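The values are calculated or read from the model by the stated rules, or taken from the named source; none is laboratory data. Please read all numbers here as calculations on a predicted model, not as lab measurements. Because the Cβ atoms are built from the backbone with ideal geometry, glycine has one as well, and the counts that use them run over all protein chains shown. To get the accessible areas, we keep the full protein, side chains included, count just its heavy atoms, and leave off ligands, DNA and RNA. Shrake-Rupley method; radii C 1.70, N 1.55, O 1.52, S 1.80 Å.
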Amino acid sequence: IATLRAIPSLQVIRPADANETVAAWRAAVAHDGPTALVLSRQNLTVVTDGSAVATGAGIVHDTANPEVVLLATGSEVSLCVEAAAALHAAGVAARVVSMPSWDRFEAQAAEYRSSVLPAGVPVLSVEAASTFGWARWADESIGIDRFGASAPGGVVLENLGINVANVVARATALAQKKG
């Protein structure tokens, strides 16, 4: 995914669910240039209304006065929605943002970008891919910066820390560090 994002003039969209996939397909057809749609293989819970594709990123789950933002793309958005519920139960207010398209988000006005990722609120990105490039948007990242795990998908993700428990632990620590 990092390699695709580095290709000049290639629009890269990684939708979180069926709603974002429909919006991504429409965006690809309307785009004057190449588009890479990075789709998930597993069944995904529908957690978005699809609108984040148009702006590159959008709030999926919000709370008053968030202490941390969980920023994700693709299948990890629904994982972050689950983590936000667990964080709420632990007394940590978390906003969840779906960012299906870095380039579309970057093209938005600064006011919009800061309304989604407010200054002073720490951001934890979550993506089952390299964390390369996420430092632009996130204070810390959960991802896969290694190669060579072999097992069923769920087992690999669990062992690599792409799970609710790790997101909750890392988000809690990040919120406490910045608070």
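Among residues that are in contact (Cβ under 8 Å) with a residue 40 or more places away in the chain and either basic (Lys, Arg) or touching a Gly at 6+ places or on another chain (Cβ under 6 Å) (or both), Phe132 is not included. For the range 11-37, a tally of residues being β-branched (Val, Ile, Thr) and either at pLDDT below 95 or open to solvent by 30 Å² or more (accessible area, probe 1.4 Å) (or both) returns 4. Checking the structure you have, find out if any residue of the range 111-120 is open to solvent by less than 60 Å² (accessible area, probe 1.4 Å), of a type outside the set (Lys, Arg) and either in contact with a Pro (Cβ under 9 Å, 6 or more places away or on another chain) or modelled with pLDDT under 95 (or both). Yes, the range 111-120 contains a residue that is open to solvent by less than 60 Å² (accessible area, probe 1.4 Å), of a type outside the set (Lys, Arg) and either in contact with a Pro (Cβ under 9 Å, 6 or more places away or on another chain) or modelled with pLDDT under 95 (or both).
Residues in the range 66-98 that are in contact with a strand residue (DSSP E or B) (Cβ under 6 Å, 6 or more places away or on another chain) and either surrounded by fewer than 24 Cβ atoms within 10 Å (Cβ to Cβ) or not in a helix (DSSP H, G or I) (or both): Pro66, Val68, Val69, Leu70, Leu71, Ala72, Val81, Ala94, Arg95, Val96, Val97, Ser98.
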